[in-house]
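Read through the structure below, which is laid out as C-alpha cells, and then see the notes.
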Amino acid sequence: MESVRHLIVGAGISGLATAAFLRDSDYLVIEAASEIGGYCKTVKRDGFTWDYSGHFFHFKHADIEAWLRERMPGQTVRTVEKKTFIAYGGRLVDFPFQKNIHQLPQDEFVECLYDLYFARSSDVPREARSSAGVGKLAGEANFKEMLYARFGRGIAEKFLIPYNEKLYACDLATLDKDAMGRFFPHADLTDIIRNMRVADNASYNATFTYPEGGAIEYVKAIASAVRPGAIAKDERLVAIDLRQRVAKTSRREIRFERLVTSAPFGELVRMTGLAHDASAFTWNKVLVFNLGFDKKAARDRHWIYYPSRDVSFYRIGYYDNIFDADRLSLYVELGFAKDARVDAADVERLRARVLDDLKREGVIDDHRLVAHHSVVMDPAYVHITRASIAEHARLSRILKAHGVYSIGRYGGWTYCSIEDNIVEARALAADFDAA
Ligand SMILES: Cc1cc2nc3c(=O)[nH]c(=O)nc-3n(C[C@H](O)[C@H](O)[C@H](O)COP(=O)(O)OP(=O)(O)OC[C@H]3O[C@@H](n4cnc5c(N)ncnc54)[C@H](O)[C@@H]3O)c2cc1C
C-alpha cells in the first residue's frame, strides 16, 4: 500500500495553500474534480470572464497579498472602490441599508428610525414594543432575534430579514446570532445618525482586488508553490479508516500520518463512520447565472442586493464595471434550500425568469443575451447554528486525535473568505513542520 506523511484532500484554495506552505515535501493532494480551484474557478466564454459567483478579494494580510502577487507575473490586478446598492421600492439605496435609512421616503425613514431607537432603548414604551419588533428585552437568542433587537422592526422587515431569507433559504431563527461573523455589517444608533450627514459606508470590503484573468489567477499563484506532480486530479476520497489511518480513494488505498481535508464536513464524517447528528449540518445552495450581453448598461455600480420576494435573485454583480468593459457582464445569484431540486430544466426556466426580472428591475432593456453559463454551488452558505457549532467542535476533536484535520469554508463549516482559508492553511502547515 502507498503511504504518505500528509494526504491533502481537495485542490481548492485551502488544500493547495496547505501543500504550498508545507516545508516537508512528503505530501499528496487528491482532488475529485478534473481541475484545481474548487469554488475559485474562472470561466471564459465569448470574451467574457466569469467566476463561480462573484469572487472579490479583500486582503487584510499584506504579506499574503504580496506572496500571491509575486506568483502572478504578467497578471494585472485591479483595485476597485466598491459601489454597492440595495434595490428598494423602485430606487437604489446605498449599502448597507441600516446606515442609509435616510435615503428612504420620509414615512419609511421615520418608521425605521423610530423602531431602531426603541429597539435599543431599555425604556421601551408599551406601544413601541409591538411596533419595534421584539426589542432588547427579548435578547438575541438567534440571528432573527438579533436583527430585531439591534435594528428594530422597520430595518429588519424591510431589508435584513427578506434579503437573508432569500440568501440562506431557511428560517433565520434557526441560525446562530453570529452566523455571519465579521461579514455582517453591524452599525449602532450613533453610526446610523452620523452617516446621515457624512456618508461612511466603509465595510470589511470597501475596496477589493480582482485579477484580469479572474479568481483562478490566485489559485494558480498558490499552485505554483506546490511540488510538481503532487496533485492527483479525478481522484475522490471515499472512506477513511481512522484507526488504521488509511484513506480509500476512487483509485487506491493510501496510508497517511496526517490527513488534511477541505471536503464538506458532513461528508467527511460520513466517510469515517463516526456516529454523529447529521441533522446538525444544513446549508443553502446557490444557482449562479453568468450572463453576457451585446452592449453596456449602467456604470458606477458593482453589485446590487434585492430583498424583494417578487424578484428571483438576491444579488447581482457587474463584471463589466470592474473590467471597464463595453458590454454588460453580470453574475446573478439565487438561493435554494439544500434539498430543493435544481435540474437542467429548472435552470432553463429560471434563466428566462431572471431575464424577465432583470428587465423589470431596469437592469437591462433591449439588451441581447450573447453568452451565458450557470453553476450550482452546493453547499454555498452553511447554516451556522448552535447544533452545528457544538457537533463540529465535538467531532473535530475526535478526528484530530486520529490525525485528521478538517479545514476551509466547508471543512470548518463556517463563513470565511479565501484569505481566511490561506491564513488557516499556512498556520496548520507551520504546526506540522514544527511538530
Ligand atoms: C456565493 C459565494 C461567493 C463567494 N464570494 C467570495 C468572495 O467574493 N471573496 C472571497 O474571498 N471568498 C468568497 N467566497 C468564499 C470562497 O469561495 C471560499 O472561501 C473558498 O473557495 C473555499 O475554498 P476551500 O478550498 O476551503 O473549499 P472549496 O473551494 O470547496 O474546495 C474544496 C475542494 O475539495 C474537493 N473535494 C471535495 N470533496 C472531495 C473528496 N471527497 N475527494 C477529493 N476532493 C474533494 C472539491 O472538488 C474542491 O475542489 C464565496 C463563496 C460563495 C459560496
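All of the numbers you see were taken from the coordinates with simple rules; none came from a lab. Keep in mind it's a predicted model, so treat the numbers as computed, not measured. Here Cβ is always computed from backbone atoms with ideal geometry, including for glycine, and neighbour counts include all displayed protein chains.
Of the GluC sites (Glu not before Pro) found in the stretch 155-225, those in coil by DSSP whose Cβ has at most 15 other Cβ atoms within 10 Å are GLU212.
Helix 386-401 and the longest principal axis of the C-alpha atoms of the chain enclose an angle of approximately 20°. Under a Gaussian network description of the chain, with springs only between Cα atoms under 10 Å, the residue in VAL347, VAL423, VAL198 that fluctuates furthest is VAL198.
Across the chain, the mean sequence separation of Cα contacts (distance under 8 Å, 6 or more residues apart), normalised by length, yields a relative contact order of 25 percent. One chain, two ends: SER224 and GLU267. Fully extended at 0.36 nm per residue, the span grows by 12.6 nm beyond their Cα-Cα distance. Dividing the summed -39500 (n - 2.57) terms of all DSSP H runs of n ≥ 4 by the residue count of the chain sets its mean residue ellipticity at 222 nm at -10000 deg cm²/dmol.
For LYS285, the shell of other residues with beta-carbons less than 10 Å away shows a net charge of -1, using +1 for Lys and Arg and -1 for Asp and Glu. Our summary gives the stretch 206-327 a relative contact order of 14 percent, counting only alpha carbon pairs under 8 angstrom and 6 or more residues apart. Taking a straight Cα-Cα cut-off under 22 Å and skipping sequence neighbours fewer than 8 places away in the same chain, the lysines within cross-link reach of LYS285 are LYS41, LYS144, LYS166, LYS177, LYS338. Of the trypsin sites (Lys or Arg not before Pro) found in the stretch 156-243, those that fall in a DSSP loop while having at most 12 other beta-carbon atoms within 10 Å are ARG243.
For the chain, the Stokes-Einstein estimate of translational diffusion at 25 °C and a viscosity of 0.890 mPa s comes to 105 µm²/s, using the Kirkwood hydrodynamic radius over alpha-carbon pairs. Summing Cβ point charges (Lys, Arg +1; Asp, Glu -1) relative to the Cα centre of the chain gives a dipole of roughly 480 debye. Between the stretch 222-283 and the stretch 1-45, the alpha-carbon centres lie 11 Å apart.
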